[in-house]
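Working notes for the structure below.
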Amino acid sequence: MDDQPAPDPTMTRIGEAVQLGRSGQKGPARDTLTALWDEIGPTGDAFHRCTLAHYLADLQDTTEAELTWDERALAAVSDLTDERAQRYLSSLQVQAFLPSLYLNLADCHRRLGNPARAREHLARASDHLVHLPDDPYGEAIRAAVRDFAADDPTDARR
C-alpha cells in the first residue's frame, strides 16, 4: 500500500513554515507558525496542535520558550488518537510520537540545569522506544535517546 499523506491544508502550511525555518529564515517561520497556532487555538485539532508545537519549539530563541512549546506538543498528543493521525498518514501511531516528544523535554531540562527532570523525561522516552517503527526514523530516535543517555554526566548508572 502506498502511504502518502492525505491532503490537509493546515499540514501543508505547517510544512511550508518548517521548510522556511530549515532554509535559515527562523523568524518568519516562527511568525507563520505562531499565527497558525492562533488560528487553530489551544483546543483545535490535536494532530495540528501537536505537529505545530513540536516544530515551533525548535524555532524559539530561548530554552524556556522552547520548553513551553515542547510541553504544548506533549499536551496535544494526549488528545490525539491513532484514527485522527491516520487520516493524514495511515502508518502513524500516536505512541510512536512519544519518544521524540519526551526526548525534547529531557533536552530542554538538561539545558536549563534540571538534571532530575531531564532523566525523568529520558526514562519516559526510553520506555516508549518499543512503539517506534523499524525504519530510518525509528532508528534515528533510538540513536538520539542512546546518545543523550551516554552524554549524561549525572547518570548514576556509570
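Worth a mention:
- Restricting 57, 17, 29, 35 to residues that are of a type in the set (A, V, I, L, M) and within 15 Å of the chain's Cα centre (by Cα) narrows the list to 57.
- Selection over segment 26-47 of residues that are within 14 Å of residue 15 (Cα to Cα), open to solvent by 20 Å² or more (accessible area, probe 1.4 Å) and in contact (Cβ under 8 Å) with a residue 12 or more places away in the chain gives a count of 5.
- Residue pairs whose Cβ atoms lie under 7 Å apart, sitting 6 or more positions apart in sequence or on different chains, and linking a residue in segment 87-98 that is without any contact (Cβ under 8 Å) to a residue 24 or more places away in the chain to a partner that is open to solvent by 50 Å² or more (accessible area, probe 1.4 Å) and part of a loop (DSSP other than H, G, I, E, B), are 94/81.
- Where a residue in segment 132-150 is within 16 Å of residue 115 (Cα to Cα) and its partner, wherever it lies, is in a loop (DSSP other than H, G, I, E, B), with Cβ under 8 Å and at least six apart: 149/155
- Yes/no for residue 116 being modelled with pLDDT of 95 or more, in a helix (DSSP H, G or I) and closer than 26 Å to residue 26 by Cβ: no
- From the options 20, 74, 80, residue that is open to solvent by less than 30 Å² (accessible area, probe 1.4 Å) and either assigned to a loop (DSSP other than H, G, I, E, B) or touching a helix residue (DSSP H, G or I) at 6+ places or on another chain (Cβ under 9 Å) (or both): 80
- Residue check, residue 74 aliphatic (A, V, I, L, M), closer than 28 Å to residue 113 by Cα and at pLDDT 95 or above: yes
- Residue in segment 59-69 that is acidic (Asp, Glu), touching a Lys or Arg at 6+ places or on another chain (Cβ under 8 Å) and within 20 Å of residue 101 (Cα to Cα) present: no
Conditions (1) under 20 Å from residue 11 (Cβ atoms); (2) touching a Pro at 6+ places or on another chain (Cβ under 8 Å), marked per residue:
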position: 59; (1), (2): yes, no
position: 77; (1), (2): yes, no
position: 86; (1), (2): yes, no
position: 91; (1), (2): yes, yes
position: 103; (1), (2): no, no
position: 111; (1), (2): no, no
position: 118; (1), (2): no, no
position: 138; (1), (2): no, no
position: 143; (1), (2): no, no
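- Residues in segment 48-71 that are touching a residue at least 24 places away in the same chain (Cβ under 8 Å), open to solvent by 60 Å² or more (accessible area, probe 1.4 Å) and in a loop (DSSP other than H, G, I, E, B): 58 alone.
The values are calculated or read from the model by the stated rules, or taken from the named source; none is laboratory data. Please read all numbers here as calculations on a predicted model, not as lab measurements. As a convention, Cβ positions derive from the backbone with ideal geometry for all residues, glycine included, and neighbour counts pool all protein chains shown. Note: areas computed on protein heavy atoms with side chains; ligands, DNA, RNA excluded. Shrake-Rupley method; radii C 1.70, N 1.55, O 1.52, S 1.80 Å.
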